[in-house]
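Below is one structure, written out as structure tokens; the observations come after it.
What follows is calculated from the coordinates using simple rules that are stated; it is not laboratory data. Note that the structure is a prediction, hence the values are computed from the model and not measured. Reconstructed Cβ throughout: ideal geometry from the backbone, glycine too, with neighbour counts over all protein chains shown.
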Amino acid sequence: MAKGPTVYHVAERAGVSIATVSFTFRQPDKVKASTRELVLAAAEELGYVPSASARGLARGRTGALGLFAYDYLLDPADGMHGDGPAPENTENPEDPENPAAADLERRNEDLRLFPLYVDEVQRGVELECWRRGQALLVGGGNPENNEAVLSDIAGRVDGLAVFPRSVPSEALARIARRIPVVEVSENVNNRALDHVTVDNISGVRAITEHLISAHGLSDLLFLGGMPSSDNEQRLEGFRAALHDAGLPATREPKYPCGSEQSLTEVVADILRQGSLPEAFVCATDQDALVVMDALAAAGVGIPQDVAVTGFDGIAAGRVIKPSLTTVRQPMEQMGRTMVELLLDRLDHPDKPAVNLRLPVRVVLRESCGCQPG
């Protein structure tokens with residue numbers, strides 16, 4: 001690749017010192033917000049990646065890959081982790097007064113927090129990097145500094161894996177001009193990048209067909225959480241199953257903002273209106289778990305009164321009662337595939353962009369009326 005702009009070019013364009021440019025990318029909290037914005041704007045205009053990239057390229061390759069993930073919203077110090085000795089009283093673990101029951105409930109709550117989709121994909125990235133002898137630099141930002149953190153990571157590695165919506169597409173395009181970038185999502189925003197996704201359409205189509213054919217349900221509602229390309233694909237599969245069964249799509253899909261509160265309010269509104277569907281087909285397992293909590297709090301039986309399904313296959317879906325019927329993504333394999341694509345792109349930089357769609361499988365459990373196999 002052609003030699004790009006340096007820290008000196010960015011400093012000159014922004015009218016600051018090279019030390020200020022360096023602090024902006026390495027310790028952004030030490031730089032005034034207004035100055036930081038000037039430096040980042042200059043870097044974006046010039047297509048600058050921090051100089052650690054140049055040092056690595058001078059040696060050939062750094063031998064490291066980067067992963068830019070979502071913000072971690074949970075503080076490990078909040079006491080929600082299941083460490084410590086097991087309780088001594090292990091008789092009658094279902095007795096709520098028994099310490100063993102309390103410990104079991106706490107550990108089940110832990111699974112609501114970890115591992116989630118992002119954790120399992122990251123695990124796949126880590127395992128494949130270890131297998132191939134690649135170092136891995138993992139980071140995440142917040143709205144105030146995510147582009148600075150992203151650029152810093154990109155400047156230290158040979159290739160970068162990112163989760164969807166974690167950074168602006170313009171920033172990814174700028175980074176991709178210097179190093180390979182792969183995104184785990186449907187390939188809709190930047191077709192020049194390599195992508196890894198799953199067969200969202202077939203997965204939701206199959207689980208919806210199961211609700212219709214195996215359980216005789218016809219009044220189904222798709223609950224989409226946050227609008228995204230993956231969720232739009234899942235909605236397409238839902239509608240295709242209704243069409244194939246000759247059922248009208250009488251209910252408009254619901255797209256709350258993605259917070260637990262907004263999802264809970266959607267369920268509460270439906271209950272107040274007396275318009276409970278026969279099944280909630282949720283775009284993610286996390287959405288489904290929130291829906292199940294809201295229904296249980298209102299005294300609605302699952303699956304006696306309404307079925308609920310999810311999509312992902314996170315661990316919490318196995319331990320919740322009733323257990324969650326879902327579409328299982330190969331999350332670890334997705335992470336491993338991202339590493340494979342990055343290393344292949346380093347060896348073949350001129351290949352057309354790759355969009356891999358991995359298969360999924362339906363896992364039948366109690367929340368739709370089935371018994372786990």
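When each of the peptides 239-252, 334-347, 359-372 is scored by the mean number of other C-beta atoms lying within 10 Å of its residues, the order from highest to lowest reads 334-347, 359-372, 239-252. Name the long-range amide H neighbours of D194: under 5 Å, sequence gap of 5 or more, or other chain; modelled H, no Pro or chain starts. Amide H to amide H, under 5 Å and 5 or more residues apart or across chains, D194 pairs with V181, E183, V354.
In terms of packing, defined here as the mean over residues of other Cβ atoms within 10 angstrom, the peptides 305-315, 190-200, 263-273 line up highest first as 305-315, 190-200, 263-273.
Roughly what percent of Cα-Cα pairs across the stretch 1-48 reach past 16 Å?
27 percent
Karplus-derived 3J(HN,Hα) values for the stretch 190-198, using 6.51 cos²θ - 1.76 cosθ + 1.60 with θ = phi - 60°, are 9, 6, 7, 8, 6, 9, 10, 9, 10 Hz; glycine and proline are entered as x. Across the stretch 264-373, Cα-Cα distances exceeding 17 Å account for 59% of all pairs.
For the stretch 331-373, the equivalent ellipsoid derived from the alpha-carbon gyration tensor has semi-axes of 37, 10, 5 Å in decreasing order. Residues whose amide H comes within less than 5 Å of that of R365, counting only those at least five positions distant or on another chain, are T325, T326, C370 (H built at 1.01 Å from N in the peptide plane). Around the amide H of L358, modelled in the peptide plane, lie the amide H atoms of T197, V198, D199, all under 5 Å away and 5 or more residues distant in sequence or on another chain.
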